[in-house]
Every structure is written in C-alpha cells, then in structure tokens.
Amino acid sequence: MTEVNPKVSPEELSNERPSKISKTLQEDGDFCEEEEEKEAVDKSMKPGLQRYLVAVEYIGTRFCGSQQQLNHRTVVGVLQEAFHKFIGQPVTICLSSRTDAGVHALSNVCHVDAERVSKRKPGEVLPPHEPAVVRKAVNHFLQKEGDIMLTDVRSVPGDFHARFKAQERMYFYRLLNGPELLSIFEKDRAWHVSEELDLAAMQEACKVLVGHHDFSSFRASGCQSKSPFRTLEELSVLEMVSTPHFPSITEREQNGSNEEGQDSFCNKCKTGLPTGSISNDIMAVDSKSGTDLGFGIRRRHRCYVITARSRSFLYHQVRLLVGVIKSVGTGDLKVSDVERILNARSVTAASPMAPAHGLYLGHVKYELP
C-alpha cells in the first residue's frame, strides 16, 4: 500500500512547540514522545482566551494524515477551518497523537485556544462559550465532511497540554480472516488476511513483547526519537464479533427462544471494538461450516483485534508489531522467532509492516483537572 508522507509546516512547529521538542516529530505516524521532556507550559495566554480539550473521531481514509499540510486534506486542517467558521478568527489545533494517512481514530484528542468576541460590538470580549456549545457548533460546520466529528469538549486551564499531559495511549488493530473477498462495508477499515490464523500462537507472541524493551526492531528507519526504549503495558489479541454484524437465521433461532440467551447474544454483538473475548460458537456459524447459507448470504470473516497500550510509541511501532504477530498467526514465523527479532534491534529483522487502514487510535488517557 502506498502511503502519503505528511509534512509538518514550519509555522506549526514554531507556534506549537519549543525547538528541542520539534526535533522529535516524525514525517508521519505516531508521535515519538521523549519521556525526559518537560511539560510544555504556555504562560502567554491572553486574557479572554479559553483553552478547550477536544476529543475527535474520524475515518482516516480520505485524510493525508493528521498534521496540517498545504494543498492536502488533513485532520488538523479540517478542524481549524471548522473552528475558524465558528469563532470568526484563526485558531491553532495541537493534537495529542499523530496518525498516518489512512489511520482512523475512535478518539484522538487536541487542545485549542479560542476567544469569544462580540459580533455586535467588534473588539468586545465576551465570556467563553460553554463546552457543549462549542461541540454542537463545530460539529455543525463538520457535518458536510462526513468522516470527522467532535465527541467531547471540556474547558481546561491554559497550561493543560493535550500532548504532554497524556498519560497513556491505546491503539486497536483489526484483522479480518477468511478466504472470502472483503465486504465493501469493511473496505479500508481492516487488514484482510486470507490464510488461517492461529489465535493461540498470536497470543503467545504478544507475551514476548509486553514490558520494557529496546524496540529498535519495531521502529521505522525514519524514527527520530532519541531512545528506542518503550514500555508496552498491554499487547493482546482477541477474537471478536465482526462488525457490522447482522444475526443469521441460525443465531436468531438459537437466541430468540429465551430472554436470557437473547441478552447474552446482544452483549456479544455490540457494535464498535469490544474489550472482551467471545466464544467461538457464534463466529464459527459461517466461517468454517460447509452449510449452504442461502443465495446472496455472505459468509462472515473471523475478526481479531490486537490492542497495544503504552504512554508513547515509536514511529510505526504498532504496525510493525502487528506485522510480526500476523506472521506468527499464519505460521510464517514461530513464537521463538519473535524474541530473536526483538533482540536483533534492527527493523530489517521484522516482518513487513501492517497496512495503515486497519489501525485505530482508540483512547488517550488523562488525569483531568
């Protein structure tokens, strides 16, 4: 898959980050956050400015990454335009986490400083808008975009920085497994792997990689981070109900006879990316049985979700980790090879990187004031 390499504009670097910090930014991909860096504190907040912490979800397919670029559609560019339309003056968006072209976000976070000026009396500064008003108004200007919206807004102090106050970042990666062609409803939403995957082997591979390690084998050659060491708090893979999920006749018959079974089934089939594993009975209904499902009824893929959780990640670290885990699942690598790759401390030892379109930034954790 060919990826766009987003560039960070000089204006953005000068406005948002000190020179020391700007050197750690990547061409494209996850933020490489240096653990020894001090928190950036903005002490020059103008009276009347209100800082808002904003959670945003988006489908990454039509974005050329998250960071602003000239002549390219980006997450920051679209958000800044929407805020400009709302408050009537330019703003600067500071993201907590960068995402590549094609990567999605269930919840990315940014902060923005906005001043509410009277339209009747130009120059008169009014009390800041309530967060609910900001969310509703900006979403009004985003609705025509069709692939991005604000999900939460909160007022925070002027020294609260979306990037440096983040305590943890969580990513999800979706693998859809099976020989059938991928549904158009899943296009650019998951990595389709046609070979059968060994879930138990993938789970064992994850155990090797959890913890504090030198992840030189899992950072792209363009990584500018000073240290290859990171602590993976979690790396796991679970089988989930694939989404969108519509129950088959068999499932309805099995679970429609009693209220308890129906509730249990509904809990298993919630939309989104669940956090718990499910039993194989539902997943196996279509994927492995030779049963004729009827004309026009599509066989579903098995769905595996890989979760990676850490304070910060190296450039392309998650996608390189997924590439190795998938190779263990297909049998191209053994679990013992994972430790060999980790100890090699060279990205050339790793398997090909997973494509961007299966990756989702799931959550950024804060201790909010």
If we ask which residues in segment 335-369 are of a type in the set (K, R), outside any strand (DSSP E or B) and either within 30 Å of E57 (Cβ to Cβ) or free of Cβ contacts under 8 Å to residues at least 24 places away in the same chain (or both), their number turns out to be 1
Flagged in segment 287-297 as at pLDDT below 85 and under 14 Å from I249 (Cβ atoms), in numbering order, are S289, T291, D292, L293, G294, I297
Counting only residues in segment 171-198 that are among the aliphatic types (A, V, I, L, M) and touching a Leu at 6+ places or on another chain (Cβ under 8 Å), the one nearest to V335 (Cα to Cα) is identified as L197
Those residues of segment 51-68 which are buried (at least 19 other Cβ atoms within 10 Å of the Cβ), closer than 22 Å to I87 by Cα and not hydroxyl-bearing (S, T, Y) amount to R51, L53, V54, A55, V56, Q67, Q68
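How about segment 177-234: which of its residues are in a helix (DSSP H, G or I), open to solvent by 70 Å² or more (accessible area, probe 1.4 Å) and farther than 21 Å from T307 by Cβ?
I184, F185
Here's a check for you: in segment 100-125, which residue that is touching a Gly at 6+ places or on another chain (Cβ under 9 Å) and modelled with pLDDT of 95 or more is surrounded by the fewest Cβ atoms within 10 Å (Cβ to Cβ)?
Among those residues, the one meeting the criterion is D113.
Can you name every residue in segment 58-97 that is touching a Pro at 6+ places or on another chain (Cβ under 8 Å) and either polar (S, T, N, Q) or touching a residue at least 24 places away in the same chain (Cβ under 8 Å) (or both)?
Our first condition is that a residue be touching a Pro at 6+ places or on another chain (Cβ under 8 Å); within segment 58-97, this holds for 64-67, 69, 72, 74, 80, 84.
C64, G65, S66, Q67, Q69, H72, T74, Q80, listed by residue number.
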Review point. Can you find a residue in segment 147-167 that is within 30 Å of L333 (Cβ to Cβ), modelled with pLDDT of 95 or more and surrounded by 14 or more Cβ atoms within 10 Å (Cβ to Cβ)?
Key: no
Per the list (1) surrounded by fewer than 15 Cβ atoms within 10 Å (Cβ to Cβ); (2) touching a Ser or Thr at 6+ places or on another chain (Cβ under 7 Å); (3) closer than 24 Å to K85 by Cα, residue check on P131 breaks on (1)
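The values are calculated or read from the model by the stated rules, or taken from the named source; none is laboratory data. As the structure is a computational prediction, the values presented were derived from the model and not from experiment. Backbone-built Cβ (ideal geometry, glycine too); neighbour counts: all protein chains shown. Protein only, heavy atoms only, side chains kept; ligands, DNA and RNA dropped before computing areas. Shrake-Rupley method; radii C 1.70, N 1.55, O 1.52, S 1.80 Å.
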